[in-house]
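The values are calculated or read from the model by the stated rules, or taken from the named source; none is laboratory data. Keep in mind that this is a model prediction, so the values were computed, not measured. So basically every Cβ, Gly included, is an ideal-geometry build from the backbone, and we count neighbours across all protein chains shown. Areas reflect the complete protein model, heavy atoms only, side chains present, ligands, DNA and RNA absent. Shrake-Rupley method; radii C 1.70, N 1.55, O 1.52, S 1.80 Å.
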Amino acid sequence: MSRMWEQAVEDFDITAAAARAGISFDDYYEEELRADCPFCDDTRARLGMNSRTKLFHCFNCDAAGNVLGFLMRVLGMTYEAATEMILAGRSRRRGLTELRARVEVHRTVNTARAIELPTEFEPLVLPETARSHRFWRYLRRRGYSDDLIRQYGIGFARAGRFAWRVIIPVVLYGQLMTFIARAVSQEQRPKYRSPPDANNSRVLFNLERVAGRETVVLVEGAFDALRIPDQAVATLGTHLSQAQRTLLLRAGVRRVVICWDEDDTGLPQAYAAARALRGRMEVLQAALPEGADPGQLSVAELQEAIRAARPPVGRGAFRRTAAMAQPRKITQATE
């Protein structure tokens, strides 16, 4: 996370933004603000918001996240619009031109080459048209709501290198890091494509939405994370890099539930990730059915696997044991 972005978040007037949704924050104690929770309709001011970091948590329904997730959920904003609101809020004191220039410097320093969405990219917006119907149908068949599709800025391409693919932008702290292009036809190969200059190992998809949670579910792909978007982050592959481990630690994660595919690739890599995180946070393995893909399970089945998560056992791969069948309750990860 850049210092520039941290300062923009700290300067942002969250009380004024929340008031647009009818949410009234009051001072509570030191840096904490309190309000009635809009997510569970609690009226006892159980929603806490840190006035400096803008991380929020409801002590009634356990909803949690950062300021971007808050704006997206309560104001129905897209990720990009919420980011722009935060930057514009800071611009009133520091100058939007100067701020945007510093964003570009940060982008240049942290990426060898700027990533852009393909020129053929079209956002999925309602109402549907003849051009977008096939892509809407594919995503709905996978169980993703219209609202979720809009929140994540998902789109599609009908021509070019990424033709006939659904495209999911992967944004971190306001910067487009990469994107995932998924074929909508079983005959298309390869199934997934990313931009050639992207470094997927330096990003965790959906990290900002779950920031502030002590427990997160670690999945392989963006589509897996979208099954449980308030809990999961995706490594975009079966490897947890050093940069991704650092992102988890900086986000305040204390417990990880690894939920990678139950196959010959996912299992050994999951054990390697568990070893890499040992001593830094608690690591558990979700008890998926043998050979299961999280993205193909129902939300109920996925939550059951998370509830039954146990510490990993074995060398080079997880081994099923009788203990794995005994559920271990994880309150924050199983809402």
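Normalised radius of gyration (Cα atoms, divided by 2.2 N^0.38 Å) for region 180-286: 1.05.
Please list Glu301, Glu10 in order of solvent-accessible area, largest first, computed with a 1.4 Å probe with all protein chains present.
Working: Glu301 100, Glu10 70 Å².
Greatest to least solvent exposure: Glu301, Glu10.
Mind jotting down the distance between the C-alpha centroids of region 204-230 and region 58-78, whole Å? So the separation of the two Cα centres works out to 14 Å.
Counting only protein heavy atoms and using a 1.4 Å probe, the accessible area of Tyr192 comes to about 110 Å².
Lys and Arg at +1, Asp and Glu at -1: add these up for the other residues within a Cβ distance under 10 Å of Arg209 and post the number.
Working: positive: Arg73, Arg213; negative: Glu208, Asp230.
Summing Lys and Arg as +1 and Asp and Glu as -1 gives 0.
With viscosity set to 0.692 mPa s and temperature to 37 °C, compute the Stokes-Einstein D of region 38-80, Rh being the Kirkwood radius across alpha carbon pairs; µm²/s, no decimals. For these conditions, the coefficient is 305 µm²/s. Summarising the label geometry, the points placed 7 Å from Cα in the beta-carbon direction at Tyr29 and Ser298 lie 4.2 nm from one another.
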